[in-house]
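The structure appears below as structure tokens.
No lab work stands behind these numbers, since they all come straight from the coordinates. If you're wondering where the values come from, they're calculated on a predicted model, not measured in any experiment. Using ideal geometry, Cβ is built from the backbone for each residue, glycine included, and neighbour counts are taken over all protein chains shown.
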Amino acid sequence: MSNIAIHPQTHAIGGPDTVRSPESWMQVRGLTKSFAGERALSGADLDLKRGEVHGLVGANGAGKSTLIRCLAGITHADDGTITIDGANLKQGSPKASEQAGLAFIHQELNLIQHFSALQNMLLGVPKKTRFGLIDWKRSGIRARQAAERIGIAFPLETRVSELSVADRWLIMIGKALMRDASMIAMDEPTASLSGPESERLFSIIRDLSASGVAILYVSHRLEEVLDLCDRITVLRDGRIVDHADRGHLDKKGLVRAIIGHDIKSEKDREHFAADRSSTPIFSARDVAWRDAVKGVSLDVYPGEVLALGGLVGAGRTEFAHLVAGVQRQDRGYFELGGQRVRIPDEATAVNLGIALVPEERRSEGLMLEQSVGYNINIASLRNLRAFAGLPFISGSKGRRQAEALVEKLRIKTPHITTRIASLSGGNQQKALIARWLGTGVKLLILDEPSRGVDVGAREEIHNAIRDLARAGVGIIVISSDVEELAILTDRVLVMREGRLSGELNGTDITENNIIELSYHDAEGGQGDTQ
Amino acid sequence: MTASGEMGNHKTSRTRQIDWRRLGLLFLSRYGTIFGLVMMIIIFSVMAPTTFPSRANLLNILSQASLTAIIASGLTYTLVVGEFDLSIGYVASFIGLIVVGLMSYQGFPIWLSIICSLAIGIGLGLINGTLVTKIRINAVIATLGLGTMLTGIGYSYSAFPIATGIPREFTSIALTRQFGVPNPVFFMAGILLILWIILNKTDIGQKMQAVGSNIEAARLSGIRVDRIKMFAFATAGFCSAITGTLLSSLLGSGTLGVGDGYLLDAFAAVFLGSATLREGEFHIVGTLIGVLILAVGFNGLALLGAPTHFQPIFKGGILILAVGMSTLARRYAASH
């Protein structure tokens, strides 16, 4: 099926003839939308049958969100129609979309933290009252039915802030079901879920599909999409470039359809067999913090890309926070270039040459209303002084540094004075990496560097990481994307429940081995690195 | 065919509409305040042609504006780092009292009184900063609390206005003119220039903006966030102290509560300023323009014989308008 991208019209059932079949419950025809002269969506068609799981994939900026926003009634398309069950959907009205049976679950999960699950599910629904007061018991009947249908085990009176991300997804699904949704669009549902949690979500999706609820599944995780979806639609540059039934696409074909060309195969990757006879650039010894990190020891060598694998909640992010000075460890110590160092706060870490590119890009990494250049330069102001010793910033030095780094990392931006908020996620991430290139960083920790980033940008982020390693920087990459770990590094330490459960080298780095270690310790207990 | 033609027409007219709205918003969010200022000057010049545009009156406006501009610039710093300072007016009143009290009661020489007063102003700012960064009290509460306490402390220091024992040299600080321009205008120019340079051309200014934009990101970038905030609060305290000192010099006495009213003026000016030239960011040039709008407005209304009770209506209305425009500007920026 490798020729799919080239001849999208000719293959299988996804062709235009069957597209117009009457069994489609929702038909989108020729949807077009421009923002400030730029086409976000041009002539997109989409068909959704009752109860099908339909994958929607594409790079960032391919038009997925615009399509979803048009369906949700948040955006009014310039052109095109949406027909549901034979009736024309009034565009630009969230209310009309909801009444037509469309429900949307965005990654941010619009839940009110200090409300209970039940209160959240009942938001906007007329409630039963008794003497003018809300009768939660009677109002909640339908919510409880919905909860039962998807197997919510926790009491609905639980506050949302006390629930895990997985449970919050269940609330959102229950909320959609309560409103008699015939289609639920899910945006990157597994981005913050662990393996078992994702599996549970998939089985719920399959149940919903069997009972006639269609799912529009938007994700960058292609294996999931291939595994779960009955049909897949691929968007590129605002156009539908491919659609295929289950079994008619493989991952390679899908990637090609998404980015328009092949990516480097795994075999071509460069290995970073760092010289481990030298002094480690960074070491941790028996570091512990609260319940999350229980005695971690590891060494990172100059020029090494070391990966920390494991499940969400295994203590990897917490460990990174200890190294970067966000939290202080309860026990153990760190060494930098063989010297014992204390890292009481972030500023000390940065001064020592330890930097963290955080998982939460928007809330912890970016200064969104500032320019690209500002975001790149903010950590290296000392090097940008007009006169050494005086605190005045040289505008030209700043411009030169930012422009050089934009070019080096191939950050796609009209100008360094462009607001960083207007860049795509992948380019924002590259700018955050660029921030540390000007600082003489010795150890760079990247927490989920390619989360929510499309395949093409991921490749470029990986190249940037490799470049840094080549320059002698020690790198720790935290990733839940097992495939990413295998591509990027030649040594993986797997964390499980706050401890290192094992080490994998070279060809041992396989999905199976990483997953195995994520659930069980290696032979002989904690796998130390020495 | 006709149908598709119609659709095409419809589409172009729609895009044109959206563009107008966007342009209008852009204009309003960047130049609306400047446009308003120019309009006010034109209107007042036409309606009061002999009094308003005279040299004497324009200097009067500048002189009036200078004290507000100094205190509002200090407030700008705290807003840049994402905090608040509601104590500025109270600090100005308190320092205004202390500075003459030191001369009159303690018999300090003028220079020592002023240095002590400015030091106390900075110290009060540092107390605000400590309450906010170390103890993590919400800035609104901390600064309001400290400001209220200062009113009481001022009262216990001197329950009556201090009008005797003030050297003539002290009152001449604010009353003298150079080349016909009142001294406070030069103070304003100097202080605003320094504050502008610090905010835009130095490490610490860049860091202040980073802290205000995203405090977590600033921390992870190695910025000592607490120190930066302390600096902003100290600057606000210093500027309030300068305003208080100049105020007492201007009045020739130390009176309880004279500077309290600056709080609202400063806030209105700073928020007007944040909707000037930039989309909802606080900055010194904007603050200056905000102050000028207020000063021109008050002055013009007075010259036109508007009743005094019209002043608070104007002031409150401007504050709401300013915050509204600033919010709109920020929303516009966020959508781009």
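Structure notes:
- The range B:155-195 shape via C-alpha gyration tensor axes, a/c threshold 1.5: oblate
- Under a model in which nothing but the beta-carbon of Lys, Arg (+1) and Asp, Glu (-1) is charged, the range A:361-439 shows a dipole of about 140 debye around its Cα centre.
- Amide H contacts of A:Ser394: A:Arg385, A:Ala386, each under 5 Å away and 5 or more positions distant or on a separate chain (H built 1.01 Å from N in the peptide plane; Pro and chain starts excluded).
- Rounded to the nearest whole angstrom, the semi-axes of the ellipsoid equivalent to the range A:361-439, taken from the Cα gyration tensor as √(5λ), stand at 21, 12, 11, largest first.
- In this structure, the amide hydrogen of A:Gln327, modeled 1.01 Å from its nitrogen in the peptide plane, lies closer than 5 angstrom to those of A:Leu322, counting only residues at least 5 positions away or on a different chain.
- Under Stokes-Einstein, with the Kirkwood radius over Cα pairs as Rh, the value for the range B:263-336 at 25 °C and 0.890 mPa s is 197 µm²/s.
- Computed extension gain for A:Asp237 through A:Asn110, at 0.36 nm per residue and net of the alpha carbon distance, reaches 42.9 nm.
- Count Lys and Arg as plus one, Asp and Glu as minus one, and take only other residues whose Cβ is under 15 Å from that of A:Asp180; the net charge is then +4.
- Label-point separation in nm, B:Leu175 to B:Asn200, each point 7 Å along Cα→Cβ: 3.7 nm
- Taking a straight line from the alpha carbon of B:Lys134, these aspartates and glutamates sit under 13 Å away, with near neighbours fewer than eight places off in the same chain left out: B:Asp226.
- MRE, 222 nm, helices only [DSSP H, n ≥ 4, -39500 (n - 2.57), over chain A, to nearest 500]: -8500 deg cm²/dmol
- Bridge type composition, the protein assembly as shown - antiparallel percent by DSSP, nearest 5: 60 percent
- Taking the Cα centre of the range B:32-330 as reference, the dipole from Cβ charges on Lys and Arg (+1) and Asp and Glu (-1) amounts to some 260 debye.
- Chain B - mean residue ellipticity at 222 nm from DSSP helices (-39,500 (n - 2.57) per run, n ≥ 4, rounded to 500): -27000 deg cm²/dmol
- Cβ-Cβ distance of A:Arg331 and A:Phe131, R₀ of 45 Å, FRET efficiency by 1/(1 + (r/R0)^6): the value works out to about 0.20.
- Prolate/oblate/rounded label for the range A:142-187 (Cα gyration tensor, a/c 1.5): oblate
- Estimated D of chain A in µm² per second, where Rh is the Kirkwood radius over Cα pairs and Stokes-Einstein applies at 25 °C, 0.890 mPa s: 98 µm²/s
- Electrostatic dipole magnitude of chain A [Cβ: Lys, Arg +1; Asp, Glu -1; Cα centre; debye, to 20]: 1760 debye
- Summing charges over neighbours of B:Ile223, with a neighbour being any other residue whose Cβ is under 9 Å away from its Cβ, gives +3 when K and R count +1 and D and E count -1.
- Remark: spin-label model distance A:Leu390-A:Asp291 equals 5.6 nm, labels positioned 7 Å along the Cα→Cβ axis.
- Those GluC sites (Glu not before Pro) in the range A:83-170 that DSSP places in a loop and that have at most 12 other beta carbons within 10 Å: A:Glu108, A:Glu157
- Of the trypsin sites (Lys or Arg not before Pro) found in the range A:286-364, those in coil by DSSP whose Cβ has at most 16 other Cβ atoms within 10 Å are A:Arg290, A:Arg328, A:Arg342.
- The aspartates and glutamates within cross-link reach of A:Lys430, meaning a Cα-to-Cα straight distance under 16 Å and a gap of 8 or more places when in the same chain, are A:Glu359, A:Glu360, A:Glu364, A:Glu403, A:Glu407, A:Asp447, A:Glu448, A:Asp454, A:Glu459, A:Glu460, A:Asp467.
- Charge tally around A:Arg362: other residues with Cβ under 11 Å, Lys/Arg +1 each, Asp/Glu -1 each, net -4.
- Three-way shape label, the range A:39-89, alpha-carbon gyration tensor, a/c 1.5: oblate
- Rg(Cα)/(2.2 N^0.38 Å) for chain B, N = residue count: 1.12
- Of all lysines in the structure, the ones whose alpha carbon falls short of 18 Å from that of A:Lys397, not counting any fewer than 8 places away in one chain, are A:Lys408, B:Lys201, B:Lys207.
- For GluC sites (Glu not before Pro), the sites in the range A:297-398 that DSSP calls loop and that have at most 14 other Cβ atoms within 10 Å are A:Glu360.
- When the P(r) is computed for the range A:282-436, the part past 24 Å accounts for 43% of the Cα-Cα pairs.
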